[in-house]
1. Please enumerate the residues belonging to segment 39-60 that are surrounded by fewer than 16 Cβ atoms within 10 Å (Cβ to Cβ) and in a helix (DSSP H, G or I).
2. From the list GLU36, GLU23, which one is in a helix (DSSP H, G or I) and either at pLDDT 95 or above or farther than 18 Å from THR176 by Cβ (or both)?
3. Among the candidates ILE63, ILE98, single out the residue that is touching a strand residue (DSSP E or B) at 6+ places or on another chain (Cβ under 9 Å), closer than 20 Å to ASN380 by Cα and either open to solvent by 20 Å² or more (accessible area, probe 1.4 Å) or aliphatic (A, V, I, L, M) (or both).
4. Just to verify a result, which residue in segment 395-449, among those that are in a helix (DSSP H, G or I) and either over 17 Å from ASN323 (Cβ atoms) or among the aliphatic types (A, V, I, L, M) (or both), is least open to solvent (accessible area, probe 1.4 Å)?
5. How many of the residues making up segment 325-356 are within 17 Å of LEU422 (Cβ to Cβ) and of a type in the set (A, V, I, L, M)?
6. Can you pull out the residues in segment 245-286 that are aromatic (Phe, Trp, Tyr), crowded, with 17+ Cβ neighbours inside 10 Å and assigned to a loop (DSSP other than H, G, I, E, B)?
7. Of all residues in segment 187-208, which are open to solvent by less than 30 Å² (accessible area, probe 1.4 Å) and either over 18 Å from TRP101 (Cβ atoms) or not in a loop (DSSP other than H, G, I, E, B) (or both)?
8. Please state which of the following conditions ASN305 fails to meet, knowing it meets all the rest: (1) in contact with a Leu (Cβ under 9 Å, 6 or more places away or on another chain); (2) open to solvent by 40 Å² or more (accessible area, probe 1.4 Å).
Amino acid sequence: MKKKFLSLLLLLGIILGCLTGCEALSGLIGGKEKAEFIDYAAQLTLDMNSETNKQEVTVKNYIDGDTTHFNVPTSIDANGVLKARYLACNTPESTGKIEPWGKKAATFTKEKLLSATSIILETDGATWEKDSTGERYLVWIWYKTEGSSTYRNLNLELLQNGLAVGSKAGDTRYGTVCTAAINNAGLLQLHVFGDAKDPDFYDGAAIEMDLKHLRLNIEDYEGKRVAFNGTVTQYSNNGVYVEDYNEVEDRYYGIYIYYGFTLSTDGEDLLEVGNRVRIVGKVSRYESQYGTSWQVCDLYYDLFNTSNPNNIQLLETGCEVSNVLTTPETFNSKVEIDVETADGGETKEYDYAYLALQTSISMNNLTVTKVHTTATGGNNDGALTLTCKSGNETISVRTPKLYDENNNLITGDYFLNKTINLTGLVEFFNNQYQVEIFELSDIVFVEAN
């Protein structure tokens, strides 16, 4: 009888435990209904007397949700620019790769920093530490706005709004509150933690078009996957430029393709200069202090299924780069062209250089009248901007750092008052159209008669 009594007590305990556990589990499952949004950022304060390093900064470039470039004293970074990687959080990608909620996270970060009257970077410990790339500093971002006397932590705001997942959050000085913010965003199923679709993320089939249509309607396709054909003309910074000929207008249109570090080696091999390819990727906007530029990114290549419609494809090899011979008068002129509209079409006027953006051109008999040397304390120190004259026309030519056959840095005197022929790409930089060259062989001196 005693054993039966004990067995009944044990069974009752199990049942009660199950009910209690089930109730707790039910609370977790139904947490979206029961949980409330908690503003953890309002509870966290910046201690200016702590042992961490702190520096008031201004924004140089907005990159994405968890990466921003700030202007800092050279005592922190010799280049005067700190590339900040936000501690404890990882937002979806929105530049080289496009992921759901990436654009919203990038916009959230930009809007918060644009509204700031003061921004302070804080280290997690007593020194300025870099991430595994060796280029970006791991920091907390604090900001305050007009009329406020307190700073808010932007890293924490991204987490509590479900615009980032945790990244070693528990190992940081604010780990406890960050973990709580992540858990609450999960209960509320906010953004990256929920099942709702990101309205700004396009996951449909690639939209087929030609480069003219893409270039003249680029903003309409931001974040969308597009497909078009073009010939590779130039390598640059983990990407290539491509251009395509429009027979009706006898004109080339071009764009920059960023493949970054995610495209397979087999895919990169297709993007050789002179190859005509079918590009499939997503359109993204890149904001910098010099203006807005556009690119196509998020490329894909499946070697084992080359017919995959999302694949980039090789169409032809051995194509010549156009290097369209262009006079300065034409470069600085206006052009009328027919464009497609919802009503059928209309004629619009454009800058010739705008239509030629990111295409290859050549120019002859330019006289270099002035040279500006970049000297901002950054990696581009020594790059040159050549002001060139041809009759009454002025052309700006931008170069990277150039070296002679003895590996000596070439200075402005090398070009000043010389007459040159050149090949390069049309770019828009620092509010003006320019011809960008990539190596010294792109410029040839014209000997005086």
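1. Passing the criteria: ALA42, GLN43.
2. Checking each option against the conditions leaves just GLU23.
3. Unique residue meeting the criteria: ILE63.
4. GLY412
5. The total comes to 3.
6. TYR259
7. LEU188, ALA206
8. Failed condition: (1).
The values are calculated or read from the model by the stated rules, or taken from the named source; none is laboratory data. No experiment lies behind these values; they were computed from the predicted model shown. Please note: Cβ atoms are built from the backbone with ideal geometry, for glycine as well, and neighbour counts cover all protein chains shown. In case anyone asks, the SASA skips ligands and DNA or RNA and just uses the protein heavy atoms, side chains included. Shrake-Rupley method; radii C 1.70, N 1.55, O 1.52, S 1.80 Å.
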